[in-house]
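One structure is given here, and the rest of the page talks about it.
Just so it is clear, none of the values below were taken in a lab; they were calculated from the coordinates. On a predicted model such as this, the values are computed, not experimentally measured, just so you know.
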Amino acid sequence: MSDLHDPRVFFAAERTLLAWTRTSLTLMAFGFVVERFGLFQATLLPKLGEVVQRGLSFWIGLSFILLGSMTSAISVWQCRNILATLGDGEIPSGALTQLGAWANQLVALLGLALTGYLFRNSLF
C-alpha cells in the first residue's frame, strides 16, 4: 500500500492507462491499414485468370490488430493492480476509477471482433 496520500498518483495511473489505450488503438488501426493494403494491391494488379488471394499483409495486419487487443487487455490488468495499492487519500472522492478499464476492455473486445470479421471474410 502506498503512503503518499497524494491524488496525483491516481491521476498518473489514469494517464498511463489512457496512453496505453491510444497505443492499442494505433496498433489496431495500423493493422487494419496493412491488411487492407494487401487487398488493395491485389485488386490493382490482378493477374489473368488468378483469383485474388490475401498474402502476407493479411496475416501481418491481423497480427497487429491482435497485438493491439492484447495491449488493451493487459493495460486494464496493470491499471487495476496499481489502483489496488492506492489508499483512500490517493483516490479522489467521486472518481470513476473503473471507467477507463471498461473502455479498454471494450476496445479489446472490438479488436477481437474486427479480427474475427476480417478472418471470416477472407475465407469467402
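Any chance you could run the full-extension gain for LEU99 through ARG36? It's 0.36 nm times the residue separation minus the Cα-Cα distance, nm to one decimal.
Working: separation 63, 0.36 × 63 = 22.68 nm, distance 3.20 nm.
Value of the extension gain: 19.5 nm.
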Summing -39500 (n - 2.57) over the DSSP H runs of n ≥ 4 in the chain and dividing by its residue number, what mean residue ellipticity at 222 nm do you reach, to the nearest 500 deg cm²/dmol? -26000 deg cm²/dmol
(i) 1.21; (ii) 0.98; (iii) 0.96: which one is Rg/Rh (Cα atoms, Kirkwood Rh) as calculated from this entry? (i)
